[in-house]
Amino acid sequence: MELKEKILKRLPDAGFEDAQYPTVTVEPDKLHELASMLCREEGYDFLVSLTGVDWGDSLGVVYHLARSGNPLDMIVLKTATADKEHPQLFSVTDLWETANLNEREAYGLLGINFINHPDMRRLFLNEKWKGFPLRKDYDASPENNPLSIESEPFSDKLRSLSFTTQGDIIEKEKELFGKEEYVVNIGPQHPSTHGVLHFRVSLDGELIRKVDPNLGYIHRGIEKMCESMTYPQMLHLTDRLDYLSAHINRHALCSCIEKAVEIEVSERVEYIRTMMDELQRIASHLLGWSAMCMDMGALTAFIYGMRDREKIIDIFQDTCGARLIMNYNVIGGVMYDLHPDFQKKVKEFIPYMRKIMKEYHQIFTGNVIADERMKSIGILSKEQAVSYGVTGPSGRASGFSCDVRKHRPYAAYGKIKFNEVLREEGDTFARYMVRLDEILESLNILEQLVDHIPEGPYQAKTKPIIRIPEGEYFQSVEAARGLFGVYICSKGDKSPYRLKFRSPGLSLVSIVDLISRNEKIADLIAIGGSLDYVVPDIDR
Amino acid sequence: MEVKGIYIKGVKNEEFKDTEYLQKYYVEELQQNGSNIVIGALDDLLNWGRSNSLWPLTFATSCCGIEFMCVGAARFDFARFGFEVTRSSPRQADVIVVAGTIVYKMAPVLKRLYDQMAEPKYVIAMGSCAISGGPFCESYHVAKGVQEIIPVDVFVPGCPPRPESLLYGMMQLQRKVKLDRFLESAQKSKKRRKEAVREIRENDGKLK
């Protein structure tokens, strides 16, 4: 392999593994050199996921890198430091902007300090939280961190570590907001933040100077909980991450486990899963559209969108027995076979939805006020989208071709024809239109599949206790908001050693500061609506 | 006497279950103490108005929030029962539907929201997360039920509850509101306050 030789030429100590993806292990002081070589010379400009891991005797980070031209041609970097008292690694924020929030997450949950990171604050937990939850020796007894109803002041000191010329590490502190700045709180209880997201916005008159997202108001510690659960048990938590793409999240975890333990699922299951994913995507985009329009003042659009979403929920309800949290995919198949009315209802739904889409465009898209508030507002360029790891409809609106369904077809996506919806403008209007066009594209996919569902078993037989062989596995799917990835590190047990969900929402929130600077504060609401993040997916 | 004479639009009285609480704390107390005929009638009038215009706060943290939105939207439409509009400001809301998980970082915010609401105010805990922490009760960062933070009037179980069950829970709250003795308890507390003041004065006199 050519790349391997190049790396070995530069760093002779690097260790290679041929796991699911080529894996390179390096010493922490060499990591930045290797990362910048891969990023700047080899074109690995997309940091898919950054995972902090407690390896027992050392603390480390696993980087999944990809090329933006082909987001699934991946390479994995690994590094670890044995110093558990004061773990320090080098930051890669200067190479990939998306590392910023991910490194803050690793700092908050594992206590790894990143040298040269501009802003070492905890991402999810309060600054005063005792202990680092994702470490294996974390003491979870409630006496350490009791439930308090007293508000804690936010820490506004941006701590950063850097090297002096002598090679010592010094700590610098900077205030987040200057004394002169006028700061407005938006959230955590605000109808337009789509959940409990907290922005602090520094204003100059009506113009936004800076946005600081404050996360963690719905951080439930799902990743830590998964470490003590068996694989079938943890499935139900995935539905509650991004509840608007419940099927798709669960599909990702199921297929990751199926690949790891080599369970073959039947073709019928692949078709069912694909159709359910697409129905879910339509439902999610409908809700995204409704909520965005409502945020911009069009309550009628909200009522319309919710009305049509109920039709999809009816289809789900027949087969899965639930409306929102379906618990439908299981390891090796799906929970129940399709309802006899499924095909009929889907066939009724497709023409209905096509017809109603025209109405949507009439009611909102052409509206002068809506156009004024959406066009040329909140522009994200393609390079920024790649660097910040923005995938899904928001990334594609900037021209970043990142559709996992297209680049590495999973389930039944390889057997059908569909277009990847791409736009170049990257503004709020483009994100809005990509979402609506994707609904039509999903309808096309459904139309191709609905008549050709093959016969076969809907569930493969699995062992009563599922153990994943030792190793690391990564599986990504295209969720309604972007690339949703599952990283499992297994030691051969019935529960994972470390499990990480790569959520598309975290990247979406990280660009709010970038794209809303110098826009008006009222446009922040429209920008947030067009990004369509779901906060429980970000906080996990 | 049973809990009766509470008229909820569209639903027969016999169809309601879980009336033990109302029976114990409202009906039996009323039977023991009686009620002033004028103030009682005024109370009934007030309660009729209040129970049919309970405005919820737009508050949702996770999945249950979507079902809450569905209840507000076209098919289920809680405006039919007087929940008319959701208010984005706690100052204008009568009831807070805690829809979703409450984590440690959110707890002070929820408490503040509750404190900001004007009296009389009510709380509905929607979904198993708000009741007990639900599927996340093992977690290090999740509050084990919202009643640790604020008092709860109605619990609606489910993960997430179906819109029908949320509507049922909201109607149960209406029944509770209809049994409130709002003016009477205000008058009683006025009486009690007068007595307390008199007692203090008498005691002061003795001390002097």
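May I ask you to compute the full-extension gain from A:D341 to A:K520, defined as 0.36 nm times their residue separation minus their alpha-carbon distance, rounded to one decimal in nm?
That works out to 59.5 nm of additional length.
Of A:K345/A:K500; A:K344/A:K415; A:K6/A:K84; A:K415/A:K491; A:K345/A:K415; B:K144/B:K188, which ones are farther than 25 Å apart at the Cα?
A:K345/A:K500; A:K6/A:K84; A:K415/A:K491; B:K144/B:K188
Kindly identify residues of segment B:58-101 having a loss of at least 30 Å² in accessible area between the isolated chain and the assembly of all protein chains, probe radius 1.4 Å.
Residues shielded by partner chains are B:T58, B:T61, B:S62, B:C63, B:I66, B:E67, B:M69, B:C70, B:A73, B:A74, B:R75, B:S88.
Inside 10 Å of the C-beta atoms of A:214-224, what's the mean count of C-beta atoms belonging to other chains?
6
For segment A:206-281, rounded, prolate or oblate, judged on the Cα gyration tensor with a ≥ b ≥ c (square roots of eigenvalues), a/c < 1.5 rounded, else prolate if a/b > b/c?
oblate
Per 0.36 nm of contour for each residue apart, how much would the distance between A:K172 and A:E267 grow if the chain were fully extended, relative to their Cα-Cα spacing?
Full-extension gain reported as 28.5 nm.
Counting only protein heavy atoms and a 1.4 Å probe, tell me what percentage of chain A's accessible area is made up of carbon and sulfur.
49
Which pairs in the list A:K463/A:K494; B:K17/B:K176; A:K224/B:K111 are over 21 Å apart, alpha-carbon to alpha-carbon?
In this structure, A:K224/B:K111 exceed 21 Å between Cα atoms.
Roughly how big is the A-B contact, given as buried accessible area in Å² (both sides, 1.4 Å probe, nearest 100)?
3900
Give me the one-decimal nm value for the distance between modelled label points at A:E33 and A:D314, 7 Å along each residue's Cα-to-Cβ direction.
It is 6.5 nm.
What accessible area per residue, rounded to a whole number of Å², is obtained for the protein assembly as shown using a probe radius of 1.4 Å?
41
From the P(r) of the protein assembly as shown, could you give the percentage of C-alpha pairs in the tail past 51 Å?
Looking at the protein assembly as shown, the distances longer than 51 Å represent 16 percent of pairs.
Rg and Dmax of segment B:1-157, using alpha carbons, in Å: what are they?
For segment B:1-157, the Cα radius of gyration and maximum Cα-Cα distance read 17.1, 54 Å.
Is it possible to state the helix-based mean residue ellipticity at 222 nm for chain A, with each DSSP H run of 4+ residues giving -39500 (n - 2.57), the sum divided by total residues, to the nearest 500 deg cm²/dmol? What is it?
Using -39500 (n - 2.57) per qualifying helix, the result is -12000 deg cm²/dmol.
Hey, quick one: spin label on A:A460, modelled 7 Å out along Cα-Cβ, who in segment A:233-262 has an amide N within reach, i.e. under 17 Å?
Residues passing the 17 Å test: A:251-262.
How much of the DSSP bridge set in chain B is antiparallel, in percent, rounded to the nearest 5?
Bridges in chain B are about 15 percent antiparallel.
Using 7 Å Cα-to-Cβ label points, what is the A:K375/A:F154 separation (nm, one decimal)?
Going from the A:K375 label point to the A:F154 one covers 3.5 nm.
Once you put a point 7 Å from the Cα of A:K130 and another 7 Å from the Cα of A:L8, both along the Cβ direction, what distance in nm separates them?
5.1
Starting from the Cα gyration tensor of segment B:24-116, multiply each eigenvalue by 5, take the square root, and state the resulting semi-axes largest first in whole Å.
Listed largest to smallest, the semi-axes of segment B:24-116 are 31, 18, 13 Å.
Sequence neighbours fewer than 8 away in the same chain don't count; with that in mind, list the lysines whose C-alpha is under 17 Å from A:K174.
Once the sequence-local lysines are set aside, what remains near A:K174 is A:K157, A:K210.
Between rounded, prolate and oblate, where does segment A:387-540 land on the alpha carbon gyration tensor, with a ≥ b ≥ c its root eigenvalues, rounded for a/c under 1.5, else prolate if a/b exceeds b/c?
Here segment A:387-540 falls in the oblate category.
Which of the residues in segment A:127-163 show a loss of at least 50 Å² in accessible area from their chain by itself to the complete set of protein chains, at a probe of 1.4 Å?
Residues of segment A:127-163 that lose at least 50 Å² of accessible area once the other chains are added: A:W129, A:L147, A:I149.
Taking all protein chains in place and a 1.4 Å probe, what share, in percent, of the accessible surface of chain B do carbon and sulfur account for?
54
Could you rank the peptides A:169-182, A:302-315 by their average count of other C-beta atoms within 10 Å per residue, with the highest value first?
Averaged packing, sorted descending, gives the order A:302-315, A:169-182.
List residues of segment A:42-75, by number, whose backbone nitrogen lies under 20 Å from a label position 7 Å along Cα→C-beta of A:A140.
Answer for segment A:42-75: A:52-57.
Which value in deg cm²/dmol, rounded to the nearest 500, describes the helix-derived mean residue ellipticity at 222 nm for chain B, given -39,500 (n - 2.57) per DSSP H run of n ≥ 4 and division by the residue count?
Using -39500 (n - 2.57) per qualifying helix, the result is -13500 deg cm²/dmol.
Please grab the % of Cα pairs in segment A:222-539 that end up more than 31 Å from each other.
Roughly 29 percent, rounded to a whole number.
I'd like the residues of segment A:234-253 whose 1.4 Å-probe accessible area shrinks by no less than 10 Å² going from the isolated chain to the full set of protein chains.
A:H236, A:L237, A:R240, A:Y243
The values are calculated or read from the model by the stated rules, or taken from the named source; none is laboratory data. What you are looking at is a predicted structure, and each value in this text was computed from that prediction instead of being measured. Backbone-built Cβ (ideal geometry, glycine too); neighbour counts: all protein chains shown. For accessibility, only protein heavy atoms count, side chains too; no ligands or nucleic acids. Shrake-Rupley method; radii C 1.70, N 1.55, O 1.52, S 1.80 Å.
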